[in-house]
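Okay, structure first, notes after.
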Amino acid sequence: MLGKSEYSLPPSIKKRNSRRGDLPKKVVGSYWKADLVGLMPTMALYVFLVLLPIVIAGLLSLYSWNGVGSLRFSGFANWDAFFHDPIAAHSLEVTIVLALVSWAIQTPISMALGFFIAGKQRYRTVYAALYLLPLLLSTVGIGLVWQALLDPNFGGLAWLAQNAGLSFLQQNWLGSNSLALWTIIVLIAWQFIPFHTLLYQMGRRQVPNVLYEAASIDGATKWKQFVHITLPQLRYTIVVSSTLMLVGSLTYFDMIYVLTDGGPGDTTRVLSLDMYQAAFVANTFGYASVLAVVLGVIGVVVALLLVRFTGFSSLSSQREGIA
Amino acid sequence: MLHTRYARWHYRKLRILSATLAISGLSIMTSGIAVASQPVKHGSNHVKSSKSEPTASISVWFVSNPGPVNNYMTALANKFDSAHHGDHVSVKFIANTPFKQQLLTAMSANKPPTLFFSWGGGVLQQYIKAGDAAPIGTVSASWVHSFLPSSLGAVTFSKEVYGVPIQGTQPVFFYYNKQVFKKYHISSFPKTWSELLSDVAKFKKEGLASPIEMGNLSGWEGLMYLEYLTDRVGGPQVFEAIQSHQRNSWSNPAIKTALMDIQQLVRAGAFQSGFDAVDFGSETDALLYTGRSAMTLMGNWEVSSLLGEDKSFVTSNNLGQAVFPTVPGEKGNPANLEGNTADYLAMANHVSTAQKYVARLFLEDEFTTQQFAKTEVTSGQVPVIKGSAAYLKKANLHQYLVPTYNAVSSAPHFQYSWDQSLGSQLSAPLYLNLSKVFELSETPSQFIQAMNRAMTSVSGGL
């Protein structure tokens, strides 16, 4: 169009002159090829390890298969069984309770700890190091250690109950229908609060101090500062942390598997554990795929809802107008 | 003396590690990326010994056991190699739960090991139905007669034998701490169920918090109570109906009586606090040998397990062994036993004819002989090979081994563990509902309803 002179024009004019408002075709073309080549390995992995299994799990949910022998098409029989399965319904209920209660416990504590270690108190880093310790341990390790500590006959808590007069510690922590789920929720909180503490610490540190200075000059109390400055400023931190907590709890598996294996009875049988049992204990892979699909859909829906209703997707700045 | 339950306990930690992988394994399985282990090499570099005899390399997968079993399996493979030029046996030991998953994957990818470890029963039957397991011989084959007749029931289907016993028999007994019985002035182990209940009450009254110890986290330990009580009350035919998936067979009154008996025992406070949050292992063993519990219902591997935990407790003859109490006035024969009849090696179908030939030769040469019976006795097992009594009398721990052998030889019926007989799809809801019965959160009627329902959906093909 403009011949050789095109290359001498400044970018703003080039853009204006181009009919589609973007870079010349030639340049776009070469980028496109390079992009494709560069993305290939990642895309291939993503397709084979993420997309394809999702599609196949969806298809497999229409078959009955015990892992050996041939697949047998069974239509929506697995789905029908899911909607009439009291164990799955109960697992779903346990999963939701676990997710919501975990969120309600972990958020305020992580926030408080995060703000504390973002401050300037003495010995702050020593405390911080102690708080963060559980983050460094493997879940299975944590599970085995707590299992030993909570054992009502030979465990550490039972020992304290008998030798230090703390008789309320003599409980059937993991074997009682009324206690087991709460014990698990507390242990999960103990494991994950450090991570969310880190998030809140970073979030808090990024809030400009001028805001607090200005507010205190205007006579705002600490509580008002928290409500009107800290919380709004931390909006995206809260969204990220909550999404991780809720979606994470939905698929939480390992520590429950180690500690109670879903028991006593099905008191702590979350949906992911139900799926594991259906696949690898009962060898009903079709039905397990139904549970996998349900779990996947719930996870995506929860994440989307959080993003949708918090305005996280628009990614607008929280600091407009701050110098 | 190791079998599915013992190994399951022992490998719980490994199982835990593999569990997280197993979850992602579901997606890998579904995507059909089957990671078959070690394909079998065909042919051989060695010179053929005879033109008429085919030679081959075969692979054998065992469920790994701590102790001497792994060693003598390897030794047998080496011995066979050196005796048969041109043949090669490669052995591989895999922990319990990964084994089941790897075998499943290898089978579905049509790259199975030539011989594989099996507990027989419903799980093996699944492979047979899928055309993945081949018969080793008929019931009239000569090697079949070297075994006690009760030992091959779990691997015999339509007059074909699909497995050769490779480890000893594992019946379930009550094991008790003699000193605790003496301390609480109970002169002998209870002979009847009502005596057991009154002894439990006596222990409780005198201040023993948990007369019976149990680790029911996985659910199989509680199942042994149901198996025995059902047999004592209603005889073997109750479970036979269940095993053949007869409609509403769980509604048999014997099941209800057995479940009520179990709940009576639980209500009496017989078991330790937290019995449903711990698996069989050093913690439950410790309750018995430290005298905090008086007894436990366990397979005969309890002896070797306790030997590892507290040797002097066993060698000083403080450990008693007793048969499950009778329920007077009921149908079952008090000499009937429950447990695992044996562990087996089964043969894959999708392997070459030469490999099948060599595999049969290996099984017959190494696992059906008196020499092998001696080896088993040395490692503390009770062989199912006829004529083993002579070796057992001379063995260490003969005070446990000889009564076990006699009980097995004279049992009119040896009930194979229900979980293994029923296969995985029914044993999962069985564990779950029975554990609820033990926790008193489900009534016997609810259990029966749930199990009838589970069986209908299994028979319906889900």
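What follows is calculated from the coordinates using simple rules that are stated; it is not laboratory data. Model, not experiment: these values are computed from the prediction. Quick reminder, even Gly has a Cβ in these numbers, built from the backbone with ideal geometry, and neighbours come from all protein chains shown.
Before moving on, here are some points about what is shown:
- Relative contact order (%) - chain B, alpha-carbon pairs under 8 angstrom, separation at least six: 24
- Inter-centroid distance (Cα atoms) of the range B:78-99 relative to the range B:118-150, Å: 20
- Diffusion coefficient (Stokes-Einstein, Kirkwood radius over C-alpha pairs, 10 °C, 1.306 mPa s) for chain B: 69 µm²/s, rounded to a whole number.
- Binned Cα-Cα distance frequencies in the range B:230-285 - 10 Å width, integer %: 21, 34, 30, 16, 0
- Calculated on the Cα set of the range A:19-154, radius of gyration then Dmax: 25.9, 79 Å.
- Residues A:Ile96, A:Ile298, ranked from the fewest to the most other C-beta atoms within 10 Å, line up as A:Ile96, A:Ile298.
- Taking the square roots of five times each eigenvalue of the Cα gyration tensor of the range B:181-298, the equivalent ellipsoid has semi-axes of 28, 17, 11 Å, listed largest first.
- log₁₀ of I(q)/I(0) at q = 0.09 Å⁻¹ - the protein assembly as shown, Debye sum with one point per alpha carbon: -0.94
- Tail beyond 24 Å, pair distance distribution of the range B:106-259 (Cα, percent): 55
- Each principal axis of the range A:247-316 carries a Cα extent, and these read 48, 27, 15 Å when sorted largest first.
- Table column - 3J(HN,Hα) (Hz), the range B:266-283, Karplus curve with 6.51, -1.76, 1.60, x for Gly and Pro: 5, 4, 6, x, 5, 9, 6, 4, x, 5, 9, 10, 9, 9, 3, x, 4, 5
- Exercise: per-residue mean of other protein chain Cβ atoms within 10 Å, B:286-298: 1
- Estimated from helices alone, the mean residue ellipticity of the protein assembly as shown at 222 nm is -16500 deg cm²/dmol (sum of -39500 (n - 2.57) over DSSP H runs with n ≥ 4, per residue).
- Tail fraction, Cα-Cα pairs, the range B:387-462, threshold 13 Å, whole percent: 74
- Euclidean distance of C-alpha centroids, the range A:45-69 and the range B:392-462, integer Å: 33
- Its Cα gyration tensor gives the range A:163-237 an equivalent ellipsoid. The semi-axes, each the square root of 5 times an eigenvalue, are 41, 16, 11 Å from largest down.
- Members of B:Lys204/B:Lys311; B:Lys182/B:Lys393; B:Lys204/B:Lys256; B:Lys331/B:Lys436; B:Lys100/B:Lys436; B:Lys183/B:Lys205 lying beyond 21 Å, as alpha-carbon distances in this model show: B:Lys204/B:Lys311; B:Lys182/B:Lys393; B:Lys204/B:Lys256; B:Lys331/B:Lys436; B:Lys100/B:Lys436
- As a ratio to 2.2 N^0.38 Å, the alpha-carbon radius of gyration computed for the range A:188-323 takes the value 1.45.
- Ranked list, fewest to most other Cβ atoms within 10 Å of each Cβ, for B:Thr192, A:Thr42, B:Thr105: A:Thr42, B:Thr192, B:Thr105
- Computed about the Cα centre, the dipole magnitude for the range B:144-287 is approximately 480 debye when only Lys and Arg (+1) and Asp and Glu (-1) carry charge, each at its Cβ.
- Cβ crowding within 10 Å, taken as a proxy for footprinting-reagent exposure, orders B:His145, B:His350 from fewest neighbours to most as B:His145, B:His350.
- Range in chain A, longest, excluding exposed trypsin sites (Lys or Arg not before Pro) [loop by DSSP; at most 15 other beta-carbon atoms within 10 Å]: A:123-318
- Residues whose amide H falls under 5 Å from that of B:Ala134, counting only those 5 or more places apart or on a different chain, are B:Met347, B:Ala348, B:Asn349, with hydrogens built in the peptide plane.
- Residue (of A:Ala81, A:Gln225, A:Gly165) at the positive-pole extreme of chain A, dipole from beta-carbon charges: A:Gln225
- Across the range B:266-410, Cα pairs under 8 Å and at least six residues apart give a relative contact order of 16 percent.
- The phi-based Karplus calculation (6.51 cos²θ - 1.76 cosθ + 1.60; θ = phi - 60°) puts the 3J(HN,Hα) values of the range B:378-390 at 4, 8, x, 9, 10, x, 9, 7, 4, x, 6, 3, 4 Hz, whole numbers, x for Gly and Pro.
- Separation of the range A:199-217 and the range B:193-225, taken as the distance between their Cα centroids, equals 62 angstrom.
- Beta bridge orientation in the protein assembly as shown: antiparallel %, DSSP, nearest 5: 65
- Mean projected area of the convex hull spanned by the Cα atoms of the range B:72-171, taken over all viewing directions: 7.7 nm².
- Each distinct pair of alpha carbons in chain A adds a 1/r term; the inverse of their mean, the Kirkwood radius, is 24.3 Å.
- Multiplying each eigenvalue of the alpha-carbon gyration tensor of the range B:273-376 by 5 and taking the square root yields semi-axes of 37, 20, 16 Å, largest first, rounded to whole angstroms.
- Estimated vicinal HN-Hα couplings, Hz - the range A:98-103 in sequence order (Karplus 6.51, -1.76, 1.60; Gly, Pro = x): 4, 5, 5, 5, 4, 4
- Taking N as its residue count, the alpha carbon Rg of the range A:118-191 over 2.2 N^0.38 Å: 1.34
- Contact order relative to length of the range B:317-395, as percent, for alpha carbon pairs under 8 angstrom and 6 or more apart: 17
- Taking all pairs of distinct alpha-carbon atoms in the range B:309-435, Kirkwood radius in angstrom: 18.0
- Alpha carbon convex hull of the range B:359-399, projected area averaged over orientations, nm²: 2.8
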